């Protein structure tokens, strides 16, 4: 007994020692080897150890620390695995600059290209003569070959691409070039399909807004590159933008160093470190405590303390974030994934949808969920343009909160409901034998949407419409059995777009791939199709504005608001400009500098 | 004994296989890995979805997909995630390392405290000490971990806001400095999760120890020892304590095995890069291979530690014989 | 009082024959002029339970809490979904009967907590009862028939033990479309029957070779008669204790699942989802702390009652807890 207990204690000690050493080992082996076999870059931890701790010291050393809210799965933003906001912030935007760039006003500006134009036949680009790739210290010119490589890889059906919009309109086999700096591509004219359409793509500046280094990536499998670095076949960093990724460690962060060969404005900050802080509350504390110099967080009330912290600039702009309601129109045919219909065919009637829209007080929802941070957020009234865009027309304004009108509309078509707007009402309208009852779906766990739903539910109850809660988990709601199958009545969710109206084409056109509502108007379709292929900006705007006007007449979807995009940074850090799109604040990273 | 162990291991293999298959079916059904792409109007083109369906094997029956996973596990060291094309082993071992540190610390502290309190409660039965700690144990056992974690978080955030001093950190594994495993910064960060996990385990161990001590104290051979005239101290520490320790050893082995899966809720609240957090994260992304890797590690650890607990019991208690 | 002033409580020995304590020396006691009241096992148990102070406190607490939950419609000052956008995030006060304050859209928190208690108690009680019954039958069959039946059933039990609760829950919820209260209850039952089956099997295994079972079989009693009339009553003690503790376990598991967002979905409030909702407003402490406190109280009370039941029903008990 005596001996056995000592044996046990010894074994336990051995196990403890083993575990401790294992923990220490797993900590030291930071980044894994790159998938294509080349050795990993130096671990983030070592670089981080050199970074000064206080903002003042960082200013002196010309370093910026940016808090990243999420870790990433890889830097190749064209792949389905890695098409993430932070992959673009931590590496994509700084290293793979393209012909055009989307600025903070939603306009395309020339970047790598000194000239770019589109005709009904194709696209022509002239590359800046001083555009180079930095590859492990070597200087390699940006040539037409990079354009071709990018196009061919993205268009390749075997690439696990997350999207081909725009690129799929361009013919990858047929192009002409003059020297290394001029190249012309052509729109597809044969083998047209929904996946590879023919004809011009109106948002053409989006094409080639990201370029890949053809020489550095020669011989590599595009599906497997850049899992933990932005580098060439020899593992050394590659970039044509203001910074290159010096190292990245999973779970910890990335270090970016200034690119000496950058063709544009010489970057003022020597080193930018992205530190991953996965918890929103600690992100806010880190900003407040000075551990990081800037953050680009998800908008929420937890950010409120930062508004009144001295030395910090709190900036927010309405983001290109389309928070809206979609109404399933009975059994109307939608995209290919739609197989089911709504539970209540009353939703086929425009008057029912209009009554629902007018019974919801969007402004009070905004005020309740965003409180002191609501700022100038107002209800959105257009289904293709955002409120900050020049072409915005508030077509949906006529459905603004008006419960009396909604009640009158219901009374006109139904019986058995309340006679006045009454919050304690319990009567439900009966319309041609059907009760005015709908199911409301949203992503469960999303408290903002749960709150909106609770408020809308109470408001609809007061005019005699009953709402049943149908929240679904995030990986189910957008899965094949969720909203894409058409199995919903009313759904609240958001679409994040790049600000171009053609982004909504597939969602609003008859039987479009993203059309889950079953909305189909041939007039709207013609206008949307024309707009998506129209290269003249004025004509384009007219097409889309007319389409939206028609849509607002029957309310197939009801825009709610644009979620604000916050950018919070130290006041002594200048040059930061908030960008409403998903391009994010690193769009002009070369202009950042300490005061 | 050896035959017992081998028999147990052999029995567990079919259980493990069946469990892995059922888990795989469940995980595959629980979510759609293409959900994020469908949500975005730019990425839901049929060609892209079909191509990815093929890459993720979603166009094949669940048996074929299970077989692909088994192949991947054995040829690629726990598999390579279909979604991210990244090997799973480095990520999961990193997470396992972090969880191990927290769980080990919590268990060791809980064991020491629980055993000590249990002994003294038993020796001084019905005293104030005993009643106080019985109440404390009840409280600790009854407290849901997520609630305790939240309260600790609220308290320490309040302290920081009021007095601008950081005693313990309320989230993450390290602050501005990436810390090594046993640095002060790391300890400050894992203090609150360790406290949370210690409380429940401590309650369990102290109750068990007390009950076990009382059982032994009232047994015949202890009465004999006392009758022989041995001093009380010797009676307690040579006879009672060692024998009373046996069930604790087995219970702690079971606890450890169960906790290796990472206290999911504690890790979520404190945003720790551990097993539980990894699991929840990958589950929400419908990353089947990563979730299966986690489940297999947890299942094996539970089975192994159950076996260790049973073997230890037989090893330490001469009255128990396994045939 | 019809009982004699001194009655002797004889602790029943381990062996039982149909619930009647055996082996009492009746003659010597009668000779001393004392009356002997023959009590059944159950009345001894009941007396011990009622004397257990902590158990009585726990029972009282449970009656209050569960009673409030069951009578939620009458006890709660408001309904759980009545919003009031002018009264958002108020701290607990006596103004407007908002004793637990209000949440982010003005709903009365006390009412929400009371309705949450109702949900929790429904889940807890149903899970405990159904899983006990199922576990009992399962363990009885396994323990009685032994051999390959037992082996197979124990491997099934092992299998259930290695299945992950969260994943199973998510799958079934995804398949059945949403986490309704009964989906969650059904899944929890699927996980909670295993310990009871194990315990019952253990008792059956040990009792199977007792003489009275052999005797019953010799007389020609059928299997079911033997199982249910002779062996089952001996398992009721541990089953009842286990079942009681399972109530607390089920409630905590459901709260844990709701906290992760995978449990019972709105509008039905659940204590776990209330605590989770409070996470975004850490300064509004009552949102997280109060529902959790109620959870803790429920679990403590259930544990007290369970402890008391264990002391009362455990035939090996040598001390009576005063």
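Please treat every number below as a calculation from the coordinates, not as lab data. Here the structure is a predicted model, which means the values were calculated and not measured. In this analysis, Cβ positions are derived from the backbone assuming ideal geometry, glycine residues included, and neighbour counts consider all displayed protein chains.
Using Cα springs under 10 Å in a Gaussian network model of chain B, which residue among B:77, B:162, B:53 shows the largest mean-square fluctuation?
Taking springs between Cα atoms under 10 Å, the residue moving most is B:162.
Averaging sequence separations of C-alpha pairs under 8 Å and six or more residues apart, then dividing by the length of chain B, give the relative contact order as a whole percent.
Normalised by residue count, the contact order of chain B is 26 percent.
Could you state the principal axis extents of the C-alpha atoms in the stretch B:182-276, from the largest down, to the nearest angstrom?
57, 26, 16
Across 10 Å bins from the origin, how do the percents of Cα pairs in the protein assembly as shown run, short distances first?
2, 8, 16, 21, 20, 15, 10, 6, 3, 1, 0, 0, 0
For the stretch A:414-479, take every pair of Cα atoms, bin their distances at 5 Å starting from 0, and report each bin as a whole percent.
Per 5 Å bin, starting at zero, the Cα-Cα P(r) for the stretch A:414-479 comes out as 4, 18, 22, 19, 15, 11, 8, 3, 0 percent.
Take residue C:94 and residue B:258, extend 7 Å from each Cα along the Cα→Cβ direction, and tell me the distance between the two endpoints in nm.
Inter-label distance under the simple model: 4.4 nm.
Ratio to report: Rg/Rh of the stretch A:100-206, with Cα atoms as the point set and Rh obtained by the Kirkwood method; give two decimals.
0.97
Label point 7 Å out from residue C:145 along Cα-to-Cβ: which residues of the stretch C:192-220 have amide N under 12 Å?
none
Return, ordered by residue number, the residues of the stretch A:567-595 whose backbone nitrogen is under 12 Å from a label point located 7 Å along Cα→Cβ of residue A:103.
The answer is A:588, whose backbone nitrogens lie closer than 12 Å to the label point.
Got a sec? How would B:16, B:150 order by Cβ neighbour count within 10 Å, fewest to most?
By the 10 Å Cβ count, ascending: B:16, B:150.
Helix A:447-461 sits at what angle to the longest principal axis of chain A, using alpha carbons and giving 0 to 90 degrees rounded to 10?
0
Using only the alpha-carbon atoms of the stretch C:144-214, report the extent along each of the three principal axes, biggest first, to the nearest angstrom.
Per principal axis, max minus min of the Cα coordinates gives 53, 21, 14 Å.
Report, please, the projected area of the stretch A:472-534 averaged over directions, based on the convex hull of its C-alpha atoms, in nm².
It is 4.8 nm².
Please report the relative contact order for chain A, taking Cα pairs under 8 Å with a sequence separation of at least 6, and give it as a percent rounded to a whole number.
Numbers: 1278 pairs, mean separation 108.4, N = 595.
This gives 18 percent for chain A.
If you line up the Cα atoms of the stretch C:199-322 on their principal axes, what length do they span on each, largest first, in Å?
Extents along the principal axes, in whole Å: 71, 37, 17.
Over the Cα atoms, compute the radius of gyration (one decimal) and Dmax (the largest Cα-Cα distance, rounded to a whole number) for the stretch A:434-566, in Å.
16.5, 48
From zero outward in steps of 20 Å, how is the percent of C-alpha pairs of chain B spread across the bins?
For chain B, the binned pair fractions read 25, 48, 24, 3, 0 percent.
How far is helix B:184-217 tilted, in degrees, relative to the longest principal axis of the Cα atoms in chain B, given as a value from 0 to 90 rounded to the nearest 10?
Tilt relative to chain B: about 50 degrees.
Based on Cα positions only, what radius of gyration and what Dmax would you give for the stretch B:136-216, in angstroms?
Radius of gyration, then largest Cα-Cα span, for the stretch B:136-216: 15.9, 52 Å.
For residue C:159 and residue B:89, what is the calculated FRET efficiency with R₀ set at 35 Å and r taken between the beta-carbons, to the nearest 0.05?
Efficiency, from the Cβ-Cβ distance: 0.85.
So what's the gap between the Cα centers of the stretch B:244-264 and the stretch A:512-529, to the nearest angstrom?
Result: 60 Å between the Cα centres.
Take the Cα atoms of the stretch A:318-564, build their convex hull, and give its volume per residue in Å³. Walk me through the numbers on the way to the answer.
On the way: hull volume 28.3 nm³, N = 247.
Normalising the Cα hull of the stretch A:318-564 by residue number yields 114 Å³.
Taking a virtual spin label 7 Å from the Cα of residue A:572 along the C-beta vector, which residues in the stretch A:578-595 bring their backbone nitrogen under 19 Å of it?
Backbone N within reach: A:592-595.
Over the Cα atoms of the stretch A:172-257, what is the Rg over Rh ratio if Rh follows Kirkwood?
1.06
To the nearest 0.05, what FRET efficiency results for residue C:208 and residue C:186 with a Förster distance of 41 Å applied to their C-beta separation?
0.80
Ratio of chain A's C-alpha Rg to 2.2 N^0.38 Å, to two decimals?
For chain A, the normalised Cα radius of gyration comes out at 1.08.
In nm, give the distance between the simple-model label positions of residue A:138 and residue A:400, each being 7 Å from the Cα along the Cα-to-Cβ direction.
Label-label distance for residue A:138 and residue A:400, simple model: 6.2 nm.
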